[in-house]
Every structure is written in C-alpha cells, then in structure tokens.
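Here's the structure we're looking at; comments come further down.
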Amino acid sequence: MDPQPKVSLVEILVIVAIVALVGTLAAVAVSAARSKERDATRLSNVRQVQSALEDYFNENNAYPEGDKLPLGDSAQSACLGITGFHADCSTETATIMRSVPRVYESGLPGKVTCGNPARKAFCYSVLNQGDAYAIQFELENSLPGAGLQKGVNCAVPGKMAAGACQ
C-alpha cells in the first residue's frame, strides 16, 4: 500500500493565493464591464433626449425653456410635451417623450449637478432664446472614438463634445 501523500502548508497557501488572485481579476473585469455598460446607457439616454428635442424644435421652432434643469426630475421634467418639460404628461395634448430619462447615478463622482436641491443629473439649459440647448452629462470612462472624456461632457444640437458646456 502506498502511503497517502501529504500536502504541505506551503502548497495550501499557494493554492489559496492563486484562487484569491483569480477572484480579484474576475471582480475587476466585471466592475469595468458594468462601468462601460452604465456609460453606454447614459449615452443612449442623452441621444434619445437629443432626438426628442429635435422633434420639439420642429414643432415649435425653438427648444423648450429651462436653465440648469435636471432632466427626468419627477417634479419638473419627467415628460416632454408639445409645450415643454413637465412633471407628467397628463395635461399634454401631444407628447414627444413620455418618460424623460434620468441620469444613471452609480459610479459617478458627482461633477455634474443641477436642480434645487442640487443632485447628479443630465443638466439641460436652453440657449440663444431657444435656438440651441446644452445638456451637460458625465461619463465614468473616456470614449476617444466618440471624442468624449471621462468626467464632464456636453451635448448640443447635432453633436456631443468633451468638456463642460460653455
């Protein structure tokens, strides 16, 4: 009969260290993927709002009123109707965007805030007496292919750019 091989303490510690390293690498990879998914959601939401704002402009020849308006706010900008942003669409005869998306807050350091009280948000302001608008938003990662940076970015009619809105 062969005697049972003995496992030394050093071998056990090496195995535990390897398992811990693999677990750490997996957690980092999952975290990075979630961060990129949140950014993709944010960009999609900003593009949807831009599209709705263009529809509004086509109907009214101006963009809706608002100054540092937190988009998706249930008290003032949860809906975009034919007459502008509202808390809800119940009084609107025509609705452009029934549910204005709010910022996906997870992972953001809070560099873009607006409203009263101030909170993380997509911050909308009308410019030039309704001829333009600016939406300030934040990303967790840079997107060089899209010309966007980690942190504060700006969406204006027809484009997005890195940096704060002017």
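Okay, here's what the table says:
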quantity	calculated
Answer from Ser125, Ser90, Ser77 - the residue that is over 28 Å from Ala32 (Cα atoms) and in contact with a Pro (Cβ under 8 Å, 6 or more places away or on another chain)	Ser77
Qualifying positions in segment 42-85 - assigned to a loop (DSSP other than H, G, I, E, B) and under 18 Å from Met160 (Cα atoms)	Tyr63, Lys68, Leu71
Filter result for the condition that a residue is modelled with pLDDT of 95 or more and surrounded by fewer than 18 Cβ atoms within 10 Å (Cβ to Cβ), over Ser99, Ser125, Ser74	Ser125
Gly130 under 23 Å from Ala40 (Cα atoms), of a type in the set (Gly, Ala, Ser) and touching a residue at least 12 places away in the same chain (Cβ under 8 Å)	no
Index of the failed condition, Asp88 passing every other in (1) closer than 26 Å to Ala162 by Cβ; (2) touching a strand residue (DSSP E or B) at 6+ places or on another chain (Cβ under 7 Å); (3) without any contact (Cβ under 8 Å) to a residue 40 or more places away in the chain	(1)
Test result for Ser35, exposed (fewer than 12 other Cβ atoms within 10 Å of the Cβ) and either at negative phi or touching a residue at least 60 places away in the same chain (Cβ under 8 Å) (or both)	no
Segment 109-119: number of residues that are surrounded by fewer than 19 Cβ atoms within 10 Å (Cβ to Cβ) and either under 15 Å from Asn45 (Cβ atoms) or out of contact with any strand residue (DSSP E or B) (no Cβ under 8 Å at 6 or more places or on another chain) (or both)	3
Residue ID - surrounded by the fewest Cβ atoms within 10 Å (Cβ to Cβ), chosen from residues in segment 128-160 that are in a strand (DSSP E or B) and among the polar types (S, T, N, Q)	Gln136
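The values are calculated or read from the model by the stated rules, or taken from the named source; none is laboratory data. This structure is a prediction, so every number in the text was calculated from the model and none was measured. Note: ideal-geometry Cβ built from the backbone for every residue, glycine included; neighbour counts use all protein chains shown.
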